[in-house]
1. Which residue out of B:3, B:116 is under 30 Å from residue B:223 (Cα atoms) and not assigned by TED's automatic domain parsing to the domain that holds residue B:155?
2. How many residues, within the range B:155-192, are outside any loop (DSSP other than H, G, I, E, B), farther than 25 Å from residue A:269 by Cβ and either out of contact with any strand residue (DSSP E or B) (no Cβ under 7 Å at 6 or more places or on another chain) or outside the structural domain of residue B:96 (by TED's automatic domain parsing) (or both)?
3. Could you look through the range B:110-124, keep only residues that are in a strand (DSSP E or B) and in contact (Cβ under 8 Å) with a residue 40 or more places away in the chain, and pick out the one that is farthest from the other protein chains (Cβ to nearest Cβ)?
4. Taking into account only those residues within the range A:256-302 that are within 11 Å of another protein chain (Cβ to nearest Cβ) and free of Cβ contacts under 8 Å to residues at least 24 places away in the same chain, which is surrounded by the most Cβ atoms within 10 Å (Cβ to Cβ)?
5. Could you name every one of the strands (runs of 3 or more DSSP E) located completely within the range B:218-307 that has at least 3 residues being under 30 Å from residue B:72 (Cβ atoms) and under 24 Å from the mean Cα position of the chain (by Cα)?
6. Of all residues in the range B:136-165, count the ones that are more than 21 Å from residue B:207 (Cα to Cα) and more than 14 Å from chain A (Cβ to nearest Cβ).
7. Filter the range B:42-58 for residues that are in contact (Cβ under 8 Å) with a residue 60 or more places away in the chain and outside any loop (DSSP other than H, G, I, E, B); which is nearest to the other protein chains (Cβ to nearest Cβ)?
8. How many residues does the range A:252-278 contain that are touching a strand residue (DSSP E or B) at 6+ places or on another chain (Cβ under 9 Å) and either over 21 Å from residue B:124 (Cα atoms) or modelled with pLDDT under 95 (or both)?
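The values are calculated or read from the model by the stated rules, or taken from the named source; none is laboratory data. Keep in mind it's a predicted model, so treat the numbers as computed, not measured. Please note: Cβ atoms are built from the backbone with ideal geometry, for glycine as well, and neighbour counts cover all protein chains shown.
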């Protein structure tokens, strides 16, 4: 069971120096270590690990996560679920309200062929899901999405969660499965209070809350508020990125993905231009300054972006880069970066294993 | 010569209401009007129109731009040039330093089969280009990229431009073609002074500056500093977007692209959640507040994003949207949005013409 055997490689040249840029490099040994470390923690806690595949979007790595002990996977949209089902994955949680006739038909088709759980935070969504479950001929399990402070989706109180659980329970084609939240970093204790109140209320109403799911990489190593959870969703933990290194969730040595870029111009001693811009790095800042960092240049940052240009601040670099040099950028936020590329290149240290097609990207919906 | 006939359609449902979301809609009649209006202006000015295809990435629309009178096209990377050459386009300008053995081999292959102009702002790039021209067996025309104030790529003074022009002129495999800049919005007059000084100096050195190229949609309607130019590059003008509407370069009625999204939750009277997040809209702010606007809701803005969630501020909307409603979002910056999708849907008012594959997206390099 070697992670390297889970991927289908296309030829990509033998050496990193031969690769065309810009291109994301996945250091598979680092990813393997990250996955094992987290699986060991959830095993020790007796907590279900349900990794979010939106980060890597690779069916092969989802299979590896499963074989390592994950309880199932998480997807953020139906297109991802379909790709993963085609690749033989099962036991999926879609953490997004599914709305609209066409999507509900697709959900029904998925429910017929794989184990799928969904979420809802309002009665209109529940009604649609009920139609899909009825069409599928089997009850679809639904978790009530709770807004425990992130102010995104979610019912606004434990009482509202209980009420929606009852609606789910009485809707033909559905089964109440439990509770789900995305707790804002630093608020898992408050989330746990909300979730346990909802769970207890549901219990008093005769409803069993089998699954209580929270997620998020920023708080993955913290213990508070885990006691109420049955499952945890993390996505970025496979690769990590600059945002999580800066939050000290990981070290930069844990960052498995870098964008290989070429220096194309050094017009002044303060500035180098790279061939990786917002179409490679995205404009995600996540509260930081700059769009990525180059470790080999003493943490020089990409201080500005055009679509295909990265502006690298080299004012603090004793050894100025030269035109033609290749640099590896640790991106701010790895998930949307992977979504930009049709293929990534998998490396093992300095060895190139091959290019791998990103299965679940560019899906329209 | 109808723009609608330039695209290859795949079936996408008959009505906008039937489309799965999120998906970019291109209103082809608006794009047609935008293209004709700009072509008429450049014709009237006697200015070469060299549209940048990085915005639409569609070979069909590039052909239409050419047939409408464009002098040639602009591309930002070699992968785009290859796709366009495969589709029969010629006379291309690549406005990006081409660096590295593999890319230079690809450039040589392109130069053998199509008319291609490139840029350079340093001697190392010129040396590589010379290798490519020699390998191609024909001189490649090179424009000197000038930093006229945008502080991106470019030589730092007219004197440096003249020196690099001389280097190009004496490099086997190359021909000095002229000057190129991306003038920062509002600085085209200063750019013109720089460019005319470089042109005159090159002339004194016996070098003819046939092409002087600037670009940028923000200043496209302004007249100052155009006199020195022979060509102008615009990309976004085909679709426009929120950033250009807010700068009054266009009206919102000129914005040809909207992202069709579905309301999936209305957890409070202030907030609706859409199924279009940063993986559909990008995080580009371009100095604005919010990530897009919904005209049908009195200009409600997407005030925050997760990867697949858009947070819509509905506090100012008298008619609150409901779960299942479909909204059309005018994106901040249309170019990177198109780059996110494998397919766009082309509409003509309320009629769906079909889905069109985005030819030049997701190219690794």
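1. Unique residue meeting the criteria: B:3.
2. Residues flagged as outside any loop (DSSP other than H, G, I, E, B), farther than 25 Å from residue A:269 by Cβ and either out of contact with any strand residue (DSSP E or B) (no Cβ under 7 Å at 6 or more places or on another chain) or outside the structural domain of residue B:96 (by TED's automatic domain parsing) (or both) within the range B:155-192 amount to 3.
3. Result: B:117.
4. A:283
5. Values: elements: B:231-233, B:257-268, B:271-274, B:292-294, B:300-305.
Once the strands (runs of 3 or more DSSP E) in the range B:218-307 are filtered for at least 3 residues that are under 30 Å from residue B:72 (Cβ atoms) and under 24 Å from the mean Cα position of the chain (by Cα), what remains is B:231-233.
6. 2
7. Ranking the qualifying residues of the range B:42-58, first place goes to B:52.
8. Within the range A:252-278, residues that are touching a strand residue (DSSP E or B) at 6+ places or on another chain (Cβ under 9 Å) and either over 21 Å from residue B:124 (Cα atoms) or modelled with pLDDT under 95 (or both) number 8.
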